[in-house]
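The values are calculated or read from the model by the stated rules, or taken from the named source; none is laboratory data. Small disclaimer: the values here were computed from a predicted structure and weren't measured. Glycine also receives a Cβ, built like all others from the backbone with ideal geometry; neighbour counts cover every protein chain displayed. Note: accessible area is taken over every heavy atom of the protein model, side chains too, but ligands, DNA and RNA are not part of it. Shrake-Rupley method; radii C 1.70, N 1.55, O 1.52, S 1.80 Å.
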Amino acid sequence: MLISVIIPCLNVEAYIDECLSSVYEQSYDNIEIICVDNGSTDKTKEILLNYQREKKIILIEEINKGAPFARNAGLNIAKGKWIQFLDADDLLLTNKIKHQVDVVNLFDVDFIVASSFHQDKNGKRYHKVVDSDFYMGLMNSNFGNTCANLFSKEILLKVDGWNTQLTSSQEYDLFFRLLRVSSKYTIDKTPLTLIRQRFSGQISQQRPKQNWNNYVNLRIEI
């Protein structure tokens, strides 16, 4: 079973090599890697072009319309039956994809909701365990995350992928829409993804007022 790994890239020259290495080192090898350069102005595009020349990745170039737009661009060309989204500053532990493929083979599901490790700016790590109750998980932003979860391509296309109109809260907007069309998911409490906090450059650190408005409005809808 082919897994498509989709990585949006915007000015991540300091992170992308390590991110891609975490994919190459997966114990599961039936993988295609789709990198979407989202209008980088540093050396990110140059690095990605080198990987493309070595036929290690599929490269898409887009103007900077945000990570959700980039993820949808990758989704539209993905050949895999299952989709692994990965942010360029985050990492997959070696057995992540193999472990979740085994879960998919055991259960009839449309997506997997998974726990993960989180690392703060000072390098301190903690284990974030997902909430087993989907309603409380959505309300508390504790129902997995973009990179820890695994999604069937079919269910993503059924909800038209990521909402590119939102400036934040796109992750839980997607999860909410998935749950509205399918209850076929399973909880995976094994943490095999490392989510790293940057000192700067992350969307969550920008436009705090608009971010809070989006957050509250989505919870009201939920």
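Think of the chain as having a plus end and a minus end, set by charges on the Cβ of Lys, Arg, Asp and Glu; of L138, A14, V103, L138 sits farthest toward the positive end of this dipole.
Bridging of K56 to lysines at a Cα separation below 17 Å is possible for K45, K79, once same-chain residues fewer than 8 apart are set aside. Reducing region 60-110 and region 1-38 to their Cα centroids gives an inter-centroid distance of 9 Å. Bridging of K209 to lysines at a Cα separation below 30 Å is possible for K65, K121, K124, K128, once same-chain residues fewer than 8 apart are set aside.
Listed by chain and number, the aspartates and glutamates placed with their C-alpha closer than 19 angstrom to that of K158 are D108, D110, E171, D173; residues fewer than eight positions away on the same chain are left out.
Entry note, the chain: relative contact order of 23 percent, from Cα contacts under 8 Å with a spacing of 6+ residues. Sorted largest first, the spans of the alpha carbon positions of region 52-113 along the three principal axes are 40, 25, 22 Å.
Using a 1.4 Å probe on the protein chains only, how many percent of the accessible area of the chain belongs to carbon and sulfur? Can you show the working numbers first?
On the way: 5430 of 10890 Å².
For the chain, the apolar C and S fraction of the accessible surface comes to 50 percent.
All Cα-Cα separations within region 9-61 were binned at 10 Å from zero, giving a P(r) of 26, 58, 16, 1, each value a whole percent of the pairs. In region 29-85, Cα pairs under 8 Å separated by at least six residues give a relative contact order of 41 percent. The H on the amide N of Q84, modeled in the peptide plane, is under 5 Å from the matching H of S4, V5, I6, each at least 5 residues off or on a different chain.
For the chain, what is one quarter of the convex hull surface built on the Cα atoms, given in nm²?
Working: hull surface 45.3 nm².
Projected area, direction-averaged: 11.3 nm².
Solvent exposure of the chain, expressed per residue, is 49 Å² of accessible area, with all protein chains present and a 1.4 angstrom probe. Put a plus charge on the Cβ of each Lys and Arg, a minus charge on the Cβ of each Asp and Glu, and nothing anywhere else: the dipole of the chain about its Cα centre is then about 300 debye.
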